[in-house]
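Coordinate-derived values only; no laboratory data. This structure is a prediction, so every number in the text was calculated from the model and none was measured. We place every Cβ from the backbone using ideal geometry, glycine too, and count neighbours over all the protein chains shown.
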Amino acid sequence: MRVGIGNDIHRLAEGRNLIIGGVKIPSDKGEVAHSDGDVLIHAIIDAILGATALGDIGALFPDTDEANRGRSSTEMLESVLKLADARIVNIDTIVELEKPKLRNHIDSIRESIAECMGIDKCQISVKAKTAEGIGAIGQVEAIKATAIVLID
Ligand code: MG
């Protein structure tokens, strides 16, 4: 078995879509990014690449490449899964976001990731935290995600 860790942070701005785990969440602000800015999927991608020692998301999908502009992160995850050719045991994640509250969206985010990865919903955990008003996340200027994956 092998374990991998990944994280990601994106700025938030008004007029952008907030995409988390492939799910569009109703929000005044969304991620600023070259791709669709899905921090959770980006963290999962880096965790898989970490477990397989295949590099990182920036090397595979450089933001200097126009082909990656607005690119769907779930599509990037699908291609990383093919590259890694590993069986996912489980994934645990944390999303740090001040607002909106994600509690009512957790299940659909888990379902979305499970479907994208071809795994069971019980293999993917998503936990949401706020930052108690502290720092860039607390001031609703940024969203951060961390993921850890076990493969065999
Ligand atoms: Mg990113």
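Each helix, a run of at least 4 DSSP H residues, gives -39500 (n - 2.57); summed and divided by the residues of the chain, these come to -8500 deg cm²/dmol at 222 nm. Distance between the 7 Å Cα→Cβ label points at E132 and S72: 4.0 nm. Averaging the sequence gap over all C-alpha pairs within less than 8 Å and six or more residues apart, then dividing by the number of residues, gives region 2-151 a relative contact order of 34 percent.
With bins 5 Å wide beginning at 0, the percent of Cα pairs of the chain falling in each bin runs 2, 10, 20, 24, 20, 14, 7, 2, 0. Mind checking which of I113, I57, H34 is farthest towards the positive end of the chain's charge dipole, using Cβ charges of +1 (Lys, Arg) and -1 (Asp, Glu) about the Cα centre? About the Cα centre, the residue reaching furthest to the positive side is I113.
Among the trypsin sites (Lys or Arg not before Pro) within region 14-62, not one is in coil by DSSP while having at most 12 neighbouring Cβ atoms inside 10 Å.
With θ taken as phi - 60° and the Karplus curve 6.51 cos²θ - 1.76 cosθ + 1.60 applied, the whole-hertz 3J(HN,Hα) list for region 29-40 is 10, x, 6, 8, 6, 6, 8, 6, x, 6, 4, 5 Hz, x standing for glycine and proline. Here the Gaussian network model covers the chain, with springs between Cα atoms less than 10 Å apart; of I41, I25, I113, I25 fluctuates the most. Computed over all pairs of different Cα atoms, the Kirkwood value for the hydrodynamic radius of region 20-87 is 12.5 Å. Seen against the Cα atoms of the chain and their longest principal axis, helix 73-84 is set at about 20 degrees.
About its Cα centre, what dipole magnitude does the chain give when the only charges are +1 on Lys and Arg Cβ and -1 on Asp and Glu Cβ, stated in debye to the nearest 20?
Details: 17 positive and 24 negative charges, 74 e Å.
Here the size comes out at about 360 debye.
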